[in-house]
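Let me begin by presenting the structure, written as structure tokens, before commenting on it.
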Amino acid sequence: MSSSLHSRLVDAVGKPIVSGATPAGTVMLAEDIEREQGVSRSVVREAVRVLASMGLVESIKRVGIRVRPQSAWNAFDPTLIRWRIAGTGKGSQLRSLTELRASVEPMAAELAAKHCPAAMSDELMRVAAQMRTVGRAGDLEHFLELDIEFHRLVLHGSGNEMFAKLDEVIAAVLSGRTDLGLMPTHPHETALQWHVDVADAIQGGHPDLARQSMELIMRRTIAEVESAWTDTPRVFFA
């Protein structure tokens, strides 16, 4: 099976569900998808399996493939997050993820200052220093790679396996923020210093300072991206 063909079909069926073009309750037939997309039944089955794992669809015997409501979606799936950020749901998605980060990452930094292995904290310090150099140069593509690695190391350094599992989720929102042009061409000097401060506090075993410095980063992040969700209504699931 061609992985590109499979990915194309997942996108072709999944994106309209996430955008609302294919609304909840819609029933699709495998043979229709096969004919419309020009793919084999095995490719359809595998794509449906992936979409079902996201909570987007469910296969019902003798009925078809039914689209599920948003309340059933796996909100932490990185692919689903990327689709929402790139589509009409970007405001709501960015707000939810930014609020999640603001809640989790300061605690992760505090825990990392208590528990992070020396080799990991050394790497975090190296990445933070490199972020400052690359940020000053205005190389946003390389800066994004380093930023993702920085936050991944903090999450993993906490020693909390549930925090660590958020690394791909946070990578998705960092990438989306850059793709949407919500990152300054040259990251603020103070924000670059705060990343160094977080790394230094973790390396030096100062939990309170690590948490405080990460909270400053999160406040700056909210200030830079909140324009993306102005007037976007919140979603409440009964």
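Check GLN212 against each of (1) at pLDDT 95 or above; (2) out of contact with any Ser or Thr (no Cβ under 9 Å at 6 or more places or on another chain); (3) of a type outside the set (Phe, Trp, Tyr); (4) under 19 Å from LEU144 (Cβ atoms) and name the one condition it does not meet.
GLN212 satisfies every listed condition except (4).
Would the stretch 33-42 turn up any residue that is out of contact with any strand residue (DSSP E or B) (no Cβ under 8 Å at 6 or more places or on another chain) and closer than 27 Å to THR178 by Cβ?
Checking the stretch 33-42: not a single residue is out of contact with any strand residue (DSSP E or B) (no Cβ under 8 Å at 6 or more places or on another chain) and closer than 27 Å to THR178 by Cβ.
Could you list, in sequence order, all residues of the stretch 12-49 that are within 22 Å of LYS90 (Cα to Cα) and free of Cβ contacts under 8 Å to residues at least 60 places away in the same chain? First the steps, then the outcome.
Our first condition is that a residue be within 22 Å of LYS90 (Cα to Cα); within the stretch 12-49, this holds for 12-24.
Passing the criteria: ALA12, VAL13, PRO16, ILE17, ALA21, THR22, PRO23, ALA24.
When you go through ALA119, ALA75, ALA108 one by one, which is the residue that is crowded, with 20+ Cβ neighbours inside 10 Å and either aliphatic (A, V, I, L, M) or under 30 Å from HIS206 (Cβ atoms) (or both)? Walk me through how you get there before you give the answer.
Numbers: ALA119 fails: crowded, with 20+ Cβ neighbours inside 10 Å; ALA75 fails: crowded, with 20+ Cβ neighbours inside 10 Å.
After applying the criteria, what remains is ALA108.
Can you tell me which of (1) among the β-branched types (Val, Ile, Thr); (2) within 18 Å of GLY205 (Cα to Cα); (3) in contact with a Leu (Cβ under 6 Å, 6 or more places away or on another chain) is the one ILE148 doesn't meet?
Every condition holds for ILE148 apart from (2).
Just for the stretch 161-177: of the residues that are assigned to a helix (DSSP H, G or I) and of a type outside the set (A, V, I, L, M), which one is farthest from GLY138 (Cα to Cα)?
At the first step, the residues of the stretch 161-177 found to be assigned to a helix (DSSP H, G or I) are 161-164, 167-177.
Okay, now just the ones that are also of a type outside the set (A, V, I, L, M), so 161, 163, 167-168, 175-177.
Details: GLU161: 34, PHE163: 30, ASP167: 24, GLU168: 24, SER175: 16, GLY176: 18, ARG177: 16 Å.
So, considering only residues that are assigned to a helix (DSSP H, G or I) and of a type outside the set (A, V, I, L, M), the one farthest from GLY138 (Cα to Cα) is GLU161.
Tell me whether the stretch 26-41 contains one or more residues that are at negative phi, within 17 Å of the chain's Cα centre (by Cα) and part of a helix (DSSP H, G or I). Steps first, answer last, please.
Here is the first cut: in the stretch 26-41, the ones at negative phi are 26-37, 39-41.
Still in the running and within 17 Å of the chain's Cα centre (by Cα): none.
No, the conditions are met nowhere in the stretch 26-41.
Is there a residue in the stretch 138-160 that is part of a loop (DSSP other than H, G, I, E, B) and without any contact (Cβ under 8 Å) to a residue 24 or more places away in the chain?
Going through the stretch 138-160, the residues part of a loop (DSSP other than H, G, I, E, B) turn out to be 138-139, 158-160.
Pick out the ones that are also without any contact (Cβ under 8 Å) to a residue 24 or more places away in the chain and you get 139.
Scanning the stretch 138-160, I find at least one residue that is part of a loop (DSSP other than H, G, I, E, B) and without any contact (Cβ under 8 Å) to a residue 24 or more places away in the chain, so the answer is yes.
When you go through (1) surrounded by fewer than 15 Cβ atoms within 10 Å (Cβ to Cβ); (2) under 16 Å from LEU5 (Cα atoms); (3) of a type outside the set (D, E, K, R) one by one for LEU51, which number turns out not to apply?
Unmet for LEU51, out of (1) surrounded by fewer than 15 Cβ atoms within 10 Å (Cβ to Cβ); (2) under 16 Å from LEU5 (Cα atoms); (3) of a type outside the set (D, E, K, R): (1).
Of all residues in the stretch 1-14, count the ones that are at pLDDT 90 or above and buried (at least 17 other Cβ atoms within 10 Å of the Cβ). Write out each step before concluding.
Narrowing the stretch 1-14 to residues at pLDDT 90 or above: 7-14.
Keeping just the survivors that are buried (at least 17 other Cβ atoms within 10 Å of the Cβ) gives 9-10, 13-14.
Residues that pass the stated criteria total 4.
Hey, does the stretch 178-196 have a residue that's in the same structural domain as LYS90 (by TED's automatic domain parsing), within 16 Å of the chain's Cα centre (by Cα) and either part of a helix (DSSP H, G or I) or charged (D, E, K, R) (or both)?
Yes: the stretch 178-196 contains one or more residues that are in the same structural domain as LYS90 (by TED's automatic domain parsing), within 16 Å of the chain's Cα centre (by Cα) and either part of a helix (DSSP H, G or I) or charged (D, E, K, R) (or both).
The values are calculated or read from the model by the stated rules, or taken from the named source; none is laboratory data. Treat the numbers as computed from the prediction; the structure is a model and nothing was measured. Neighbour counts run over all protein chains shown; Cβ positions are idealised from the backbone, glycine included.
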